[in-house]
Amino acid sequence: MNHRKSKIEKRKSPSALGELDQRYVWHPFTQMRDWVKAEPTVIVAGRGAVLRDARGREFLDANASIWTNLHGHNHPHINAALRRQLGRIAHSSALGLANAPASVLAERLVRAANPRQPGSRRLNPASLSPQGVVLEKVFFSDDGATAMEVALKLAYEFTRRTGRSRRPRFLSLQGAYHGDTVGAMALGHIELFHQAFAGLVFKTDSVMAPYCYRCPFNRAKPQRADAREYRVCGWECLDQVERKFALRRRRGNSYAGFVFEPLIQGAAGMIPQPAGWLRRAAEIARGYGALLLADEVMTGFGRTGAGPDSSRVPVLFASHQEGVQPDFLALAKGLTGGYLPMAATLTTEPVFAAFLGEYEEFRSFFHGHSFTGNQLGAAAALASLELLGDADSTRERRRIEQVMRQELARLWPLAHVGDIRQVGLVAGIELVRDWRTRAPYELPERAGFRVCEAMARRGVLTRPIGSVVVLMPPYCASASQVGRMVEALREAIREVLG
């Protein structure tokens, strides 16, 4: 890593930089009264899976900079793409104007979002889903919340304009988090995040999510394995989904849309769905005429796995791993490889057509963002997609996924590790008082936070979700770096929890 100091670093000492932050910056999801008690870690450089702070200390980026950085920091391929684009133009408005990178990116996203039969260059609707859903239109925005806001507003107005319902209502999962804009918050069901703003949001409904480790219907006693592997149940969680849709239909106003994170719920605590759940839940929703809104802000772009080893073409979206094709696909975080804020919402031709009309009818989609289709973001995203499609990169992701699985298995002997949940290159390690009872730590005890602080002292950075420690390395992480991440976690658990 290049250790040359920037002009800012030369002018300001590490402590002075920290003082500036504490005096002027308001951090998200942070109790600022605690923040000012210690000098903050000021990140000044990064390369690959390694970050460096203003004091010259190096850390492994064990959560890919909050789930965004796919290929590592300072990646030469993405850097080169950005330099080329900077030589042309950084940004121009998408209101009344088009640009080359965004147009090409839209086409590439549509291709990636519509699985093809082997050897076919054409979209084959019959191969996508029983309903032949094809995602053909791309609306660009800024981040995950705005991608979901776009999906929600499009689904709401499409439902009204096509006569399906005058008062569309949506169903999402318990523990859902879909962003912090008002519409996205309405789809969320985490009391800690959403209760304070209940007076701002419209009403949506929630249904039981498949949380095998703490499911009231799972009759299995705790074992030293992922709870999905030894669960004993009758898919009662799916019965709950069926009942919710049936009840709504009996009341005369079926759900307009079913909203979900496919395969794993992120902010809920890295809660994975058992194999087959998503496919069956989507079939239920389709059976009641609901649109499917897939939030792949975290799960997209190969984060949940590259698909079977036999496949030459990597699976980029979690929904497709269960054979589900949504009507709305929301993307962000890894879209630009973690370089720039950019998001996209993909949808179908019928949804697009509902907004067509004469000028005086005012049927346009009255929603937009100043940086929609930003050229720099689109250039980074195109470079990232090229890396994701590379055969060597795909093989390496599959290899690191297996390395991560083997390393995580070393945590099972720890009494305070209750569940280890891995989907692709996403892992959540749930900390408990005793694995035999599943007794949880209470939030005020800050068990996960204290463990992550101890990991930072060992040169590994991540953030917990309550008592769940998240590991989500960049795809470029080496086997030894993944091993160091897990070893730092093991040592930190023993230090903090005994």
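What follows is calculated from the coordinates using simple rules that are stated; it is not laboratory data. All of these numbers come straight from a predicted model, not from anything done at the bench. FYI the Cβ positions are ideal-geometry reconstructions off the backbone, even for glycines, and counts take in every protein chain you see.
If we count every other residue with Cβ under 13 angstrom of residue 490's Cβ, Lys/Arg +1 and Asp/Glu -1, where does the sum land?
Numbers: positive: 410, 458, 484, 494; negative: 407, 487, 491, 495.
Once all neighbours under 13 Å are counted, the net charge is 0.
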Worksheet item: What does the highest-first list of 358-366, 196-204, 248-256 look like by mean Cβ count within 10 Å?
Response: 248-256, 196-204, 358-366
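May I ask for the net charge around residue 294, where only other residues with Cβ less than 10 Å from the Cβ of residue 294 are counted and Lys, Arg are +1 while Asp, Glu are -1?
With Lys, Arg at +1 and Asp, Glu at -1, the net is -4.
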Worksheet item: Over the chain, what is the percentage of antiparallel beta bridges among all DSSP beta bridges, to the nearest 5?
Response: 70 percent
Response to the item:
Fewest-first ordering of 177, 213, 24 by Cβ atoms within 10 Å yields 24, 213, 177
Discussion item. Give the separation of the Cα centroids, segment 184-223 to segment 22-86, in Å.
Written reply: 30 Å
Worksheet, complete the sentence: Per the helix-only model, the chain has a calculated mean residue ellipticity at 222 nm (DSSP H runs of ≥4, -39500 (n - 2.57) each, divided over all residues, rounded to the nearest 500) of -10500 deg cm²/dmol
Response to the item:
Note, residue 351: beta-carbon cut-off 13 Å, +1 each Lys/Arg, -1 each Asp/Glu, net +2
Item to complete: For a quick protection proxy, order the peptides 13-19, 451-457 by their average other-Cβ count within 10 Å, most packed first.
Response: 451-457, 13-19
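Given the chain, report the % of alpha carbon pairs whose separation exceeds 43 Å.
Tail of the P(r) past 43 Å holds 14 percent of the pairs.
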Worksheet item: With charges set only on the Cβ (+1 for Lys and Arg, -1 for Asp and Glu), what does the dipole of the chain come to about its Cα centre, in debye to the nearest 20?
Response: 340 debye
Worksheet item: Most exposed first by the Cβ proxy, i.e. fewest other Cβ within 10 Å, how do 91, 369 rank?
Response: 91, 369
Discussion item. Restricting to Cα pairs below 8 Å that are 6+ residues apart, what does the relative contact order work out to for the chain? Please round to a whole percent.
Written reply: 20 percent
Worksheet entry | Length added when fully stretched, residue 66-residue 79, from 0.36 nm per residue minus Cα-Cα | 2.7 nm
Discussion item. Strictly over 23 Å apart at the Cα level, which of 137/244; 12/37; 153/203; 137/333 would you flag in this model?
Written reply: 137/244
